[in-house]
Structure formats: C-alpha cells, structure tokens
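The values are calculated or read from the model by the stated rules, or taken from the named source; none is laboratory data. Just so you know, these numbers come straight off a predicted model, no measurement behind them. All Cβ positions, even for glycine, are placed from backbone atoms using ideal geometry, and neighbour counts span all protein chains on display. We work out accessible area using only protein heavy atoms, side chains counted, and drop any ligands, DNA or RNA first. Shrake-Rupley method; radii C 1.70, N 1.55, O 1.52, S 1.80 Å.
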Amino acid sequence: MRAKLRVAAYAVCVRDGQVLLARWIDHGRPRWTLPGGGTEHGEDPYDTVLREVAEETGHRVEVTYMLGVRSARFPERRRFGRTVDAHHVGLLYEARVTGGELRFEVGGSTDMAAWHDLDAVPELERVPLVDFGLRLWQERPVTGRPGG
C-alpha cells in the first residue's frame, strides 16, 4: 500500500456569535467545513489559510492565533480500486475578517459560504473538523490538542 501525506490549513472565524463555514462537496454529498484546504508545493500553511479563505468565502482575514493541529490517518480509496495509507495534517488558525465580501467559490471544492450561529452548528450536516476547530477555539489548549 502506498503512503500519502497531505498538509492543510484551516481558519476558525468567529464573530458576533457566528462561525464562518464553507460547504464542501464530499463525493456528491454537501457538508459544512471550516474554510481552508491543502497547501501547494512550497507554500507556507500560514499563506495557505489566507489564500483558501479568500477563495472559498470572498473574505480577507488576518491570523490572530495558532489554535492547534489535527492529525488523522486512514485508508483512502483511489482510482482503479487502489488504496493508499493517507495521513492528513491540518493546522488550525483563529482568524479575523479584515475585508472582502461574502461570496461563493466557483469551480472549486466548495459551492457556498455562510455565517452560522454557533448554537445552530450541531444541527448542520458537517465534517468532524468543524467540531474539532470550535473545541480548540473554546479551550485554547497549550498543547494544541483538545483536552490537553
């Protein structure tokens, strides 16, 4: 089995009791996620989060805090029935909107962006990263891992 490492960066943007989320199309199934995504070769994750938030939401942000890291390893099905040992490492940053206007991404991995009340997040169809990021945002653990 082949191995694959993916590094990504995500933003937790909370203001006025709402969190900014992007709707990701996961194998035809729309689910809300934190704005962000994979780093390009040679790109610093800090720059990735700024670029990805702008691409997916139309907002410009500034990073205000490094919240933590999410590491997940799992088998990933590839074309022709192959499986790879996938390892995703996501850096999560707290970010503050500094400009731009909310808009939807066209031709990307997301199709919508919206501000959601924090109280309504548990009712959303979402990826686990949303809960992980919000927990980091609330706890601010010195280890960069919830409960740590």
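A few comments on the model shown:
- Cα-based helix-to-principal-axis angle, 128-139 vs the chain, degrees rounded to 10: 50 degrees
- Among beta bridges identified by DSSP and lying wholly in the chain, the antiparallel ones come to about 75 percent.
- Taken about its Cα centre, region 21-67 carries a charge dipole of about 340 debye when Lys and Arg each add +1 at the Cβ and Asp and Glu each add -1 at the Cβ.
- When you restrict to C-alpha pairs under 8 Å that are six or more residues apart and normalise by the size of region 1-46, the relative contact order lands at 42 percent.
- Computed per residue of the chain from DSSP H runs no shorter than four, each worth -39500 (n - 2.57), the mean residue ellipticity at 222 nm is -5500 deg cm²/dmol.
- In a simple Cβ point-charge model (Lys, Arg +1; Asp, Glu -1; nothing else charged), the chain has a dipole of about 760 debye relative to its Cα centre.
- Shape metrics for the chain, restricted to C-alpha atoms - Rg then Dmax, Å: 15.1, 47
- Based on C-alpha pairs under 8 angstrom that are at least 6 apart in sequence, the chain has a relative contact order of 32 percent.
- 3J(HN,Hα) couplings calculated from phi for region 46-62 with the Karplus curve 6.51 cos²θ - 1.76 cosθ + 1.60 (θ = phi - 60°) are, in sequence order, 4, 5, 4, 5, 5, 5, 5, 4, 4, 5, 8, 10, x, 8, 9, 10, 10 Hz; Gly and Pro show x.
- Ratio Rg/Rh [Cα only; Rh per Kirkwood] for region 106-148: 1.07
- For region 1-115, the carbon plus sulfur part of the accessible surface works out to 50%, probe radius 1.4 Å.
- Region 1-70 - accessible surface per residue (Å², probe 1.4 Å): 51 Å²
- At R0 = 22 Å, FRET efficiency that the Cβ-Cβ distance of D16 and D111 yields, to 0.05: 0.35
- The dipole here belongs to region 68-121: it is taken about the Cα centre, uses +1 on the Cβ of Lys and Arg and -1 on the Cβ of Asp and Glu, and is about 500 debye.
- Rolling a 1.4 Å probe across the protein heavy atoms gives region 104-148 an accessible surface of 60 Å² per residue.
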